[in-house]
Amino acid sequence: VPEVTGLQEVRERRAGRGWPRVVAAAASVLVLAGVGVVAVGEYQERQRASATEHEVMMATTAPDADSTELGLGTAHLVVSDSMGAVVAMGQDAPMPHDGMEYQLWLQMSDGTVMAGPTFMPSRNGEFVTLWKMPLDDVVGLAVTEEPAGGSSEPGGEMVAEVGI
């Protein structure tokens, strides 16, 4: 009978030691899953950036691409009707005021405006933004300084305007 008691004590000690191992293993699995999620997110972001770079290249090299100075640093605007794309890109753009971003606006032939994407220049003033849409009734483009996240109607300071 004493042998059974000794075996039972060993089992109880092993059972008590197992929980920390199970918890450590579970924590390791969670950490690895988190690293995997971050890696997948970074991969998807690189894929999106690569797709955008490709679309910018296609729009700016299209046979009907028309380039105009934008007046925001040393920026220019490229419009391609065949690609249905507007690309604003440049260098030396000043930083917008605190809490503000630049926003593109399309001016339509009927006098209405259409809100476009917002963008921020990098620390050295470089920026590229792409807007894909049909350009049939577009007569101009403007850039304003709007609150972060953009506005549904232009209300900020106009920083550039060009006819298309």
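The values are calculated or read from the model by the stated rules, or taken from the named source; none is laboratory data. Since the structure is predicted, the reported quantities are computational estimates derived from the model, not experimental observations. Here the Cβ is made from the backbone with ideal geometry for all residues, glycine too, and neighbour counts use every protein chain on show. Accessible surface areas use protein heavy atoms only, side chains included; no ligands, DNA or RNA. Shrake-Rupley method; radii C 1.70, N 1.55, O 1.52, S 1.80 Å.
Quick one: Val78 ticks every box in (1) open to solvent by 40 Å² or more (accessible area, probe 1.4 Å); (2) among the aliphatic types (A, V, I, L, M); (3) without any contact (Cβ under 8 Å) to a residue 24 or more places away in the chain; (4) part of a strand (DSSP E or B) bar one, so which box is it?
(1)
Within the range 108-147, count every residue that is part of a strand (DSSP E or B) and among the acidic types (Asp, Glu).
Here the count works out to 2.
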